[in-house]
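A.B. asks: The following block contains the structure, expressed as structure tokens.
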Amino acid sequence: MEAAKRKRNPAEYEDDEYDTFKQPPPPSSATANGGIDLSLLEALEKSQQNPVEVLDIKTVKKLVLAFERRLKENIAARLKYPDQPEKFADSEVELHEEIEKLKILAGGPEFYPELVNLGTIASITSLLNHENTDIAIDVVGLLQDLTDEDVLEDNDEPAQILVDSLVENNSLELLVQLLGKMSDSDPDESAAIYSILATVENFIEVKPSVAELVCERTKLMKWLLTRIKVREFDGNKQYASEILAILLQSSTVNQKRLGQLNGVDALLQAVAMYKSKDPKTPDEEEMVENLFDALCCLLMPLENKEKFVKSEGVELMIIIMNQKKMCYGSAIRALDFAMTNYPPACERFVDVMGLKTAFPAFMGKLPLSKKNKKRYKEELEERLVSLVASLFGGILRGSRRDRLLSKFVENECEKIDRLMELYMRYSNRVKLESERFDQLELDDLEMDEDEKYNRKLEAGLYTLQLIAVILGHLWTSEHPRIRARIDLLLKQQKLTKQDVKDILQEYHDNIGDLEGPEEKERGQSKIQRFISSF
């Protein structure tokens with residue numbers, strides 16, 4: 001029986017380029033007669049005798065009725081002849097054909113509410129548990145087609161009704177159970193794995209709360225973790241990494257749940273395969289980026305940062321940076337997430353010689369690669385500024401603090417020179433954005449203060465604020481050489497300490513309370529100390 005229709009696995013295209021250059025086949029007897037393909041004419045004649053039905057309510061009911069009848073017949077045949085497959089084989093073929101016919105409904109999402117009202121969803125989802133895996137795979141293909149993003153465009157309400165009904169009828173549990181029965185060694189089942197993942201992604205696209213529901217009700221996370229640990233690369237491993245990143249990107253609940261499943265260690269093992277080698281293809285490269293996206297999301301909750309440090313994640317990221325392969329920038333990003341508001345990660349970073357690795361990058365000595373274009377370099381710069389700000393925020397005293405400050409004194413304070421170079425660049429960007437606001441207001445296009453502030457953040461204000469925070473840490477160290485250098489550079493740029501204070505004040509006034517009122521107050525009092533010290 002044919003496998004379910006699905007998004008085509010990128011790996012399947014690998015042989016296509018060779019097929020392009022094959023010699024065309026010799027003309028068949030059908031085309032030899034004056035170049036006319038008689039078989040095509042025959043097919044056209046048959047299609048005209050059986051015209052495609054117009055999709056309307058009547059057609060929907062007709063399709064559903066035919067499907068329900070074939071399903072009933074199949075159940076009856078299986079119950080009557082449980083040990084004689086040849087007795088129910090025909091009913092299975094007929095059921096397969098009716099499932100295929102239901103795919104026409106993807107052409108009319110506006111009829112989905114009628115499909116739900118007719119009670120058909122329960123019958124469809126029950127077949128995900130059918131004893132014949134081919135039938136279950138057929139249903140996966142049907143669900144993938146019905147929930148496809150292109151099909152559901154501008155049909156939000158019918159899509160919601162369909163997905164709500166599918167979820168109510170345990171489709172998530174049944175899909176993930178089926179996933180556990182599939183094997184990548186069988187081509188049809190491998191294709192079905194891809195289709196199941198695509199269907200879950202479609203559900204999340206329509207109803208984002210499915211991301212938490214599917215993890216709460218099923219063992220999908222466990223399956224995904226097992227799949228990404230497989231050493232060999234293939235399209236399903238790539239898709240598993242993508243689904244994992246989607247599940248984690250906006251759900252603290254899922255981030256914590258995966259942490260409890262030893263997810264930090266599993267993701268570190270998965271990215272460790274690329275510490276000293278680069279991915280071989282663009283698809284494999286995308287998978288590695290998905291793995292790092294998932295890791296960074298996972299490092300949002302405090303308890304996962306702790307697991308990252310215990311699993312020697314800091315050391316692994318530094319090794320990856322030192323190897324200077326494709327994952328270099330991703331390792332910096334992971335370290336930034338791990339060290340933000342988590343002093344133990346900052347302390348470990350200093351203890352394992354992280355300063356020696358990070359500061360050459362901070363100075364602009366980035367490894368060359370195809371990807372090192374302007375925006376990529378800027379993204380790394382912004383991450384490194386954030387990382388240095390986290391180090392200052394996490395290491396407040398002792399020999400580690402002295403080692404951090406000494407970096408800004410060595411080589412005639414070159415790190416402070418670099419900091420001021422970045423300060424000027426980002427300051428100019430923010431000024432340009434502010435001038436655009438003024439022009440918009442002259443053109444009678446008003447913007448509220450929140451919108452202006454967000455636009456400035458996008459232009460680089462947040463990085464500018466972090467640079468000002470680092471300058472605040474340096475200034476409050478009361479180190480005479482550091483203060484003298486900052487004073488000199490401000491004068492050279494025709495700036496004053498008031499300019500830095502203004503940036504710090506705007507940062508102070510916009511510190512949010514997402515971490516709670518106490519954390520907000522603590523953050524504001526720290527910035528106020530910097531403002532007062534200048």
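A.B. asks: Using beta carbons and a limit of 6 Å, which pairs, at least six apart or on different chains, have the first residue in region 92-118 and over 23 Å from I75 (Cβ atoms) and the second one charged (D, E, K, R)?
C.D. replies: A106/D145
A.B. asks: So D487 fits all but one of (1) in contact (Cβ under 8 Å) with a residue 40 or more places away in the chain; (2) within 24 Å of N411 (Cβ to Cβ); what number is the exception?
C.D. replies: (1)
A.B. asks: Something else now. Being among the small types (G, A, S), assigned to a helix (DSSP H, G or I) and crowded, with 22+ Cβ neighbours inside 10 Å, is that true of even one residue in region 177-193?
C.D. replies: So far as region 177-193 goes, yes, one or more of its residues are among the small types (G, A, S), assigned to a helix (DSSP H, G or I) and crowded, with 22+ Cβ neighbours inside 10 Å.
A.B. asks: Additional query: Quick one: L471 ticks every box in (1) in a loop (DSSP other than H, G, I, E, B); (2) open to solvent by less than 80 Å² (accessible area, probe 1.4 Å) bar one, so which box is it?
C.D. replies: The single condition L471 does not satisfy is (1).
A.B. asks: Exactly one condition in (1) part of a helix (DSSP H, G or I); (2) open to solvent by less than 30 Å² (accessible area, probe 1.4 Å) is not met by E285; state its number.
C.D. replies: (2)
A.B. asks: Further, regarding this structure: Is it fair to say A338 is of a type in the set (G, A, S), surrounded by fewer than 21 Cβ atoms within 10 Å (Cβ to Cβ), under 22 Å from H473 (Cα atoms) and in contact (Cβ under 8 Å) with a residue 12 or more places away in the chain?
C.D. replies: Considered against the rule, which asks whether it is of a type in the set (G, A, S), surrounded by fewer than 21 Cβ atoms within 10 Å (Cβ to Cβ), under 22 Å from H473 (Cα atoms) and in contact (Cβ under 8 Å) with a residue 12 or more places away in the chain, A338 comes out as no.
A.B. asks: Checking the conditions here, which among E42, E92, E86 is among the acidic types (D, E), at pLDDT 55 or above and either in contact with a Lys or Arg (Cβ under 9 Å, 6 or more places away or on another chain) or surrounded by 15 or more Cβ atoms within 10 Å (Cβ to Cβ) (or both)?
C.D. replies: When all the criteria are applied, what remains is E92.
A.B. asks: Any residue in region 381-389 that is of a type in the set (D, E, K, R), free of Cβ contacts under 8 Å to residues at least 40 places away in the same chain, out of contact with any Pro (no Cβ under 8 Å at 6 or more places or on another chain) and open to solvent by 20 Å² or more (accessible area, probe 1.4 Å)?
C.D. replies: The answer is no; no qualifying residue exists.
A.B. asks: Here is a further query. Collect the residues in region 351-362 that are more than 21 Å from E381 (Cβ to Cβ) and in contact (Cβ under 8 Å) with a residue 40 or more places away in the chain, keeping them in residue-number order.
C.D. replies: D351
A.B. asks: Right, next: From (1) out of contact with any Phe, Trp or Tyr (no Cβ under 9 Å at 6 or more places or on another chain); (2) under 27 Å from Y342 (Cβ atoms); (3) not in a loop (DSSP other than H, G, I, E, B); (4) not acidic (D, E), pick out the condition that doesn't hold for V264.
C.D. replies: Of the numbered conditions (1) out of contact with any Phe, Trp or Tyr (no Cβ under 9 Å at 6 or more places or on another chain); (2) under 27 Å from Y342 (Cβ atoms); (3) not in a loop (DSSP other than H, G, I, E, B); (4) not acidic (D, E), the odd one out for V264 is (1).
A.B. asks: Which of the residues that make up region 303-333 are over 19 Å from V388 (Cα atoms), modelled with pLDDT of 95 or more and open to solvent by 40 Å² or more (accessible area, probe 1.4 Å)?
C.D. replies: Scanning region 303-333 gives E303, E306, K307, K310, S311, E312.
A.B. asks: What number of residues within region 277-306 are touching a helix residue (DSSP H, G or I) at 6+ places or on another chain (Cβ under 8 Å) and either among the hydrophobic types (A, V, I, L, M, F, W, C) or within 22 Å of R348 (Cα to Cα) (or both)?
C.D. replies: Residues meeting the conditions: 16.
A.B. asks: Continuing with this model, one more query. So, S123, is that one surrounded by fewer than 18 Cβ atoms within 10 Å (Cβ to Cβ), within 21 Å of L71 (Cα to Cα), among the small types (G, A, S) and touching a residue at least 40 places away in the same chain (Cβ under 8 Å) or not?
C.D. replies: Against the criterion (surrounded by fewer than 18 Cβ atoms within 10 Å (Cβ to Cβ), within 21 Å of L71 (Cα to Cα), among the small types (G, A, S) and touching a residue at least 40 places away in the same chain (Cβ under 8 Å)), S123 qualifies.
A.B. asks: Residues in region 475-492 that are of a type in the set (S, T, N, Q) and loosely packed, with under 14 Cβ neighbours inside 10 Å: how many?
C.D. replies: Adding up the residues that qualify gives 1.
A.B. asks: Could you identify the single residue in V264, V230, V253 that is among the β-branched types (V, I, T), at pLDDT 95 or above and surrounded by fewer than 21 Cβ atoms within 10 Å (Cβ to Cβ)?
C.D. replies: V253
A.B. asks: Shifting gears a bit: Checking the structure you have, find out if any residue of region 351-369 is touching a Gly at 6+ places or on another chain (Cβ under 8 Å) and assigned to a helix (DSSP H, G or I).
C.D. replies: no
A.B. asks: Right, L71: among the hydrophobic types (A, V, I, L, M, F, W, C) and in a helix (DSSP H, G or I) or not?
C.D. replies: The answer is yes for L71.
A.B. asks: Shifting gears a bit: Please work out which one of (1) part of a loop (DSSP other than H, G, I, E, B); (2) closer than 27 Å to I482 by Cα is the condition K325 fails and give its number.
C.D. replies: If we test K325 against (1) part of a loop (DSSP other than H, G, I, E, B); (2) closer than 27 Å to I482 by Cα, just (2) comes out false.
The values are calculated or read from the model by the stated rules, or taken from the named source; none is laboratory data. Computed from a predicted structure; not experimentally measured. Every residue, glycine as well, gets a Cβ built from its backbone with ideal geometry; the counts of neighbours run over all protein chains shown. Only protein heavy atoms, including side chains, enter the accessible area calculation; ligands, DNA and RNA are left aside. Shrake-Rupley method; radii C 1.70, N 1.55, O 1.52, S 1.80 Å.
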